[in-house]
Amino acid sequence: MATARQIEANRRNAAGPHKMTEAGKQAIRGNAIRHGLAARAHVVLPGEDQGFFNEILESLRTEYAPSTTQEELLVHQIAENYWRLLRARNMESGGFLEVEADFARQYKVESNPPDDLTRGAQLALAFSKNAKMFDKLSRYQAAAERSYYHAIRELQKIQKGRERNEIATPAQETEPIPQPAPASAEFRSVPKNQPEPTHQDMERACMRMSEAEFERFLDEVTAPPSLNSR
């Protein structure tokens, strides 16, 4: 049998997503950092700029304004994968500098020559001699790039779906506006001293009158006496 906590969790899940208060958002952000989503050991390596990473994360929060746990986690994924892209570019730049210097030492040529063509040729040769390293670096960058754009698409899809649901949610029903009571029907009256028509009078009227005229006649002879006639 399900425990009380499992039943409560199932009830909350069935209720669907909920809007979060600002205090709730702050709590989630703190939990995310405490549990390692933005921890230094997982994303920001020793020697990297933790403050710059925090600036990126806060800028993304401001831009996307996450209002649910899932949206907050996706914002973290965007920041983390962007950070990996920056790292990949730094590795690429550092790798080129290192292989170029190694090429110059190995072949006794000038490192970082002023001539662009000579420098380009040396970089190309150094790149070809270290193709496997740069190929691995390229795959690392491609994986980070895919994850980065995937997190953006997922976040945008979730937020658009939430906005559509909020627009489609019917407004809270309001009490009906009370309508004025219909005016009382106007009483028609027959002449005060007019005798009540007999059955024969009714038959003759039905024979001589059209259907519309007979209906009006019935209205007149069956109407209650007016108050003024009493």
key: Residue identified as touching a Leu at 6+ places or on another chain (Cβ under 7 Å), at pLDDT below 90 and on the phi < 0 side of the Ramachandran plot among Glu92, Glu22, Glu100, Glu71   = Glu100
inquiry  = Looking only at residues that are surrounded by 18 or more Cβ atoms within 10 Å (Cβ to Cβ) and not in a helix (DSSP H, G or I) in the stretch 36-58, which one is modelled with the lowest pLDDT?
reply    = Ala38
note = Scanning the stretch 77-135 for residues that are of a type in the set (Ser, Thr, Tyr), farther than 30 Å from Gln50 by Cα and in a helix (DSSP H, G or I) gives Tyr107, Thr118, Ser128
ask   = So is Glu145 in contact with a Ser or Thr (Cβ under 7 Å, 6 or more places away or on another chain), part of a helix (DSSP H, G or I) and in contact (Cβ under 8 Å) with a residue 24 or more places away in the chain or not?
value = no
inquiry  = Given (1) over 21 Å from Val44 (Cα atoms); (2) surrounded by fewer than 16 Cβ atoms within 10 Å (Cβ to Cβ); (3) touching a helix residue (DSSP H, G or I) at 6+ places or on another chain (Cβ under 9 Å), identify the lone condition not met by Arg146.
reply    = (1)
key: Subset of the stretch 59-101 (residues that are of a type in the set (Asp, Glu) and exposed (fewer than 13 other Cβ atoms within 10 Å of the Cβ))   = Glu63
key: Residue that is surrounded by the fewest Cβ atoms within 10 Å (Cβ to Cβ) [pool: residues in the stretch 111-139 that are farther than 15 Å from Ser93 by Cα and among the small types (Gly, Ala, Ser)]   = Ser128
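The values are calculated or read from the model by the stated rules, or taken from the named source; none is laboratory data. This structure is a prediction, so every number in the text was calculated from the model and none was measured. A quick note on method: Cβ atoms are made from the backbone with ideal geometry, for glycine too, and the neighbour counts reach across all protein chains shown.
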